[in-house]
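Engineer: Quick one: the structure is below, questions incoming.
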Amino acid sequence: ALAPVLRRHGVRTIHDAGCGLGWKTIAMAERGFDLSGSDPCGFAVERARELAAEEGSPPPFFRGGFEDLGARAGHDCVHSDHFDALVTRGELERGARAALAALRAGGVFVFGALPNRTRADLERALEAEWRRQERFVAFPALARGGTTLREVHVHEGREVTISLGA
């Protein structure tokens, strides 16, 4: 849904700040945008690189938070669906300044926020998410250097048991 809007604004280059595992970054690259992504979690960045390589057209990913965006200036767009995770006024100001520093003149900053912010709304959303969960979730095995990681989540009521095994 975002791609046509960005094209109308002349966006060609996008940086996905807080890209996580890179799903949206890769999806936007597949739609013809020139993408890069960053995340403060090194594990997420490594998995994003692996996933992008599997998809055949890896966008560059790097480990870093909003404060690291200015060193990679010149984007038409900075996108973040985690901007609302910055909780203090200072964090929001620094994050917005960093996004601005990463943009070319006239670039756009696109971010999402949770629409329901009252405690009751968040509790209802959390309860709905728990009800929606599958009982067992097995993630694809990740192998590196002779070690294989297998991750399985078992959901029981409000508890999740995470089993990691070789």
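The values are calculated or read from the model by the stated rules, or taken from the named source; none is laboratory data. Values in this document were obtained by computation on a predicted structure and should not be read as measured data. Positions of Cβ are backbone-derived with ideal geometry, glycine not excepted, and every protein chain shown enters the neighbour counts. Keep in mind that these areas ignore ligands, DNA and RNA; they rest on the heavy atoms of the full protein, side chains included. Shrake-Rupley method; radii C 1.70, N 1.55, O 1.52, S 1.80 Å.
Engineer: Taking the range 3-18 as the region of interest, how many residues are open to solvent by 20 Å² or more (accessible area, probe 1.4 Å) and in a strand (DSSP E or B)?
Structural biologist: 1
Engineer: Another question, then. Considering only the range 27-38, state which residues are open to solvent by 20 Å² or more (accessible area, probe 1.4 Å) and either in contact with an Asp or Glu (Cβ under 9 Å, 6 or more places away or on another chain) or polar (S, T, N, Q) (or both).
Structural biologist: Residues satisfying the conditions are 28, 29, 30, 34.
Engineer: Could you run through the range 19-39 and say how many residues are outside any helix (DSSP H, G or I), within 16 Å of residue 83 (Cβ to Cβ) and either in contact with a helix residue (DSSP H, G or I) (Cβ under 6 Å, 6 or more places away or on another chain) or at pLDDT below 90 (or both)?
Structural biologist: 4
Engineer: Look through the range 144-166, keep the residues that are at pLDDT 60 or above and exposed (fewer than 10 other Cβ atoms within 10 Å of the Cβ), and return whichever of them is nearest to residue 51 (Cα to Cα).
Structural biologist: 144
Engineer: Among the listed residues 98, 120, 73, identify the single one that is among the hydrophobic types (A, V, I, L, M, F, W, C), open to solvent by less than 70 Å² (accessible area, probe 1.4 Å), touching a Gly at 6+ places or on another chain (Cβ under 8 Å) and at pLDDT 70 or above.
Structural biologist: Criteria check complete, one pass: 98.
For every residue, the table says whether it meets (1) of a type in the set (S, T, N, Q); (2) exposed (fewer than 14 other Cβ atoms within 10 Å of the Cβ); (3) in contact with a His (Cβ under 9 Å, 6 or more places away or on another chain); (4) part of a helix (DSSP H, G or I).
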residue: 44; (1), (2), (3), (4): no, no, no, yes
residue: 49; (1), (2), (3), (4): no, no, no, yes
residue: 53; (1), (2), (3), (4): no, yes, no, yes
residue: 59; (1), (2), (3), (4): no, no, no, no
residue: 77; (1), (2), (3), (4): no, no, yes, no
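Engineer: Here's another thing I want to ask about it. With (1) modelled with pLDDT of 85 or more; (2) under 23 Å from residue 3 (Cβ atoms) as the list, and residue 83 as the residue in question, which single condition is left unmet?
Structural biologist: With respect to (1) modelled with pLDDT of 85 or more; (2) under 23 Å from residue 3 (Cβ atoms), residue 83 is out only on (1).
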